[in-house]
Amino acid sequence: MQFAQISDLVEVDTATLASLDPAALPGTWLNSNPDTTGIARLIISEHDGALSLRVYAVGPDGLIEWDAAEVKVFSSGPAVRMAAGFTSLHDFGFAETRLQGMIMKGLLVLAQFHHFKDDSQRVDYFVREYFALEHWRN
Amino acid sequence: MTPTIDFKQSSHLDPALSDPATRTLNADKVTGRWLNTNRDTAGIMECVVTQEGEDFIVKVRGAGADDPIDWPAARVKALANLEEEAGQRAVALAPVFDLGFMTAETYIRVNKGVLVIVLFNTFRDGSGRSNYLNREFFYRPE
């Protein structure tokens with residue numbers, strides 16, 4: 001088995017191989033910062049084992065809904081079958097945004113990479129924001 | 001006539017993005033040799049970041065069973081990092097390492113003198129291993 005760091009090196013029982021359980025991800029995730037100029041909330045949905053992501057970003061005149069995107073799921077280790085994060089890619093034509101989400105103690109830490117493809121001369125940039133999963137427990 | 005500026009969120013319109021100096025702001029906070037704060041790490045032991053013009057070269061060394069494993073170097077452009085307070089702002093990097101059997105998408109930033117590397121590792125070898133994420137912290141040796 002090839003590895004690039006010892007943490008890659010695990011025994012995998014291919015006879016009992018299961019897909020990643022995405023249970024930690026679906027739901028509505030709310031930005032902890034009410035004054036954000038970035039993403040206000042995320043909605044992750046599961047259908048037939050696949051996840052999709054809807055993003056609602058803050059615009060000058062209200063929320064802007066991005067086109068739905070597929071989600072690629074990651075665990076916290078190569079032998080772990082529970083989801084702990086995701087990535088997604090959003091192509092707007094004039095720009096491309098890559099999202100990398102990581103769940104830590106119930107908090108979703110979302111890194112955003114914005115790459116401009118137009119001639120606006122804007123610099124590419126990075127930002128992180130924090131999201132909590134909306135729930136109804138008091 | 002003022003050109004139209006496309007956006008998908010208000011931060012796309014941040015005036016700082018039109019300042020070319022933003023791209024390389026405090027680049028020296030990221031460059032140099034960094035060692036993992038965890039001497040027993042099973043992940044990345046060491047990271048070296050150098051700057052060549054507007055490019056940054058990132059070399060990492062993974063913990064091996066016997067000897068360290070040098071990953072192929074990645075060349076990237078810097079990303080402006082607008083999230084910190086103005087005095088703390090430094091560039092961020094998002095190198096992707098193609099290791100053949102695995103791809104590691106990473107991002108690297110400095111927070112109060114600590115280099116943070118977050119990795120999203122995707123296996124491409126059909127080994128059945130789960131794609132996984134990891135985060136490690138590095139300090140600058142004297």
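Every number in this text was worked out from the coordinates using simple rules, so none of it is lab data. The shown structure was predicted, so the numbers you read here are calculated from the model rather than taken from an experiment. Here Cβ is always computed from backbone atoms with ideal geometry, including for glycine, and neighbour counts include all displayed protein chains.
A few points about this structure:
- Within region A:20-133: Cβ-based charge dipole about Cα centre, in debye rounded to nearest 20 (Lys, Arg +1; Asp, Glu -1): 460 debye
- Spatially, region A:108-138 and region B:89-124 are offset by 16 Å when compared through their Cα centroids.
- For peptide B:131-138, the mean count of partner chain Cβ atoms within 10 Å of a residue's Cβ comes to 6.
- Nearby lysines by direct alpha-carbon distance to B:K59 (threshold 29 angstrom, same-chain neighbours under 8 apart not counted): A:K72, A:K117, B:K29, B:K77, B:K112
- Shape call, region A:1-62: gyration tensor on alpha carbons, a/c limit 1.5: prolate
- Counting only the Cα atoms, the protein assembly as shown fills a convex hull of 160 Å³ per residue.
- In sequence order, region A:84-91 has phi-based couplings of 10, x, 7, 10, 8, 10, 10, 9 Hz under the Karplus curve 6.51 cos²θ - 1.76 cosθ + 1.60, θ = phi - 60°, and Gly or Pro positions carry x.
- With contacts taken as Cα pairs under 8 Å at a separation of at least 6 residues, chain A carries a relative contact order of 20 percent.
- Prolate/oblate/rounded label for region A:74-138 (Cα gyration tensor, a/c 1.5): prolate
- Average silhouette area of chain A, convex hull of alpha-carbon atoms, in square nanometres: 11.6 nm²
- Protection proxy ranking for B:7-14, A:6-13, using the average of other Cβ atoms within 10 Å per residue and placing the highest first: B:7-14, A:6-13.
- Tensor-based shape of region B:1-71 (alpha-carbon gyration tensor, a/c under 1.5 rounded, otherwise prolate or oblate): prolate
- Distance from the C-alpha centroid of region B:40-79 to that of region A:1-49: 25 Å, rounded to the whole angstrom.
- Per-residue mean of foreign Cβ neighbours for B:94-103 is 3 (Cβ atoms of other chains, 10 Å radius).
- For the residues of A:75-88, the average number of beta carbons from a partner chain within 10 Å of their own beta carbon is 4.
- Distribution of pairwise C-alpha distances over chain B, 5 Å bins, in %: 2, 9, 17, 20, 18, 13, 9, 6, 3, 1, 1, 0, 0
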